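The structure appears right after this line, and notes come after that.
The values are calculated or read from the model by the stated rules, or taken from the named source; none is laboratory data. The structure displayed is predicted, hence computed values, not measured ones. Every residue, glycine among them, receives a Cβ derived from its backbone with ideal geometry; neighbour counts consider all protein chains shown.
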Amino acid sequence: MSPRRNSPRRRKGGRRPPEDEDAVFQRVTGAERRENGPDGEWAVRRISGAAATKAYRCPGCMQEIPPAMPHVVAWRPFGDGEDRRHWHSSCWEHRTRRGARFPRR
Ligand SMILES: [Zn+2]
């Protein structure tokens, strides 16, 4: 006989705290965060200089990001990651103010 019953209850209504989703997302993909901009939602990851081993072309200024330069990677959180792009940190921050053109599919 069990005098106490633990019946876990789930709240109905489909509302989940946002931290929950983020925590799961971070566990799966690393230290990303979500950013919402006028251009939509992005998953963003900061790359340290030590982790930057290749040169990339920044879509904000069309200049190269040399290896060992700390920068930002951003991609659409709903895709498969193939639209990942590497940005200079400052270009990412200012992308919507600058009116950088976004490659759209
Ligand atoms: Zn740039």
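Computed values, structure above
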{"read-out": "Odd one out for G79 among (1) modelled with pLDDT of 90 or more; (2) away from the ligand (no atom under 12 Å from the Cβ)", "value": "(1)"}
{"read-out": "Close pairs (7 angstrom Cβ cut-off, 6 or more residues apart or separate chains): part of a loop (DSSP other than H, G, I, E, B) in segment 29-56, of a type in the set (D, E, K, R) and at pLDDT 90 or above anywhere", "value": "G30/R45; A31/R45; E32/R45; A55/E64"}
{"read-out": "Which listed residue, of M69, M62, M1, is exposed (fewer than 14 other Cβ atoms within 10 Å of the Cβ) and at pLDDT 70 or above", "value": "M62"}
{"read-out": "Matching residues in segment 41-59 - criterion: being farther than 12 Å from C91 by Cα, surrounded by 11 or more Cβ atoms within 10 Å (Cβ to Cβ) and hydrophobic (A, V, I, L, M, F, W, C)", "value": "W42, A43, V44, I47, A51, A52, A55"}
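So that you can scan it fast, the table gives a plain yes or no per residue for (1) in contact with a helix residue (DSSP H, G or I) (Cβ under 7 Å, 6 or more places away or on another chain); (2) farther than 14 Å from E32 by Cβ; (3) near the ligand (Cβ under 9 Å from one of its atoms):
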residue: R46; (1), (2), (3): no, no, no
residue: A68; (1), (2), (3): no, yes, no
residue: W75; (1), (2), (3): no, no, no
residue: C91; (1), (2), (3): no, yes, yes
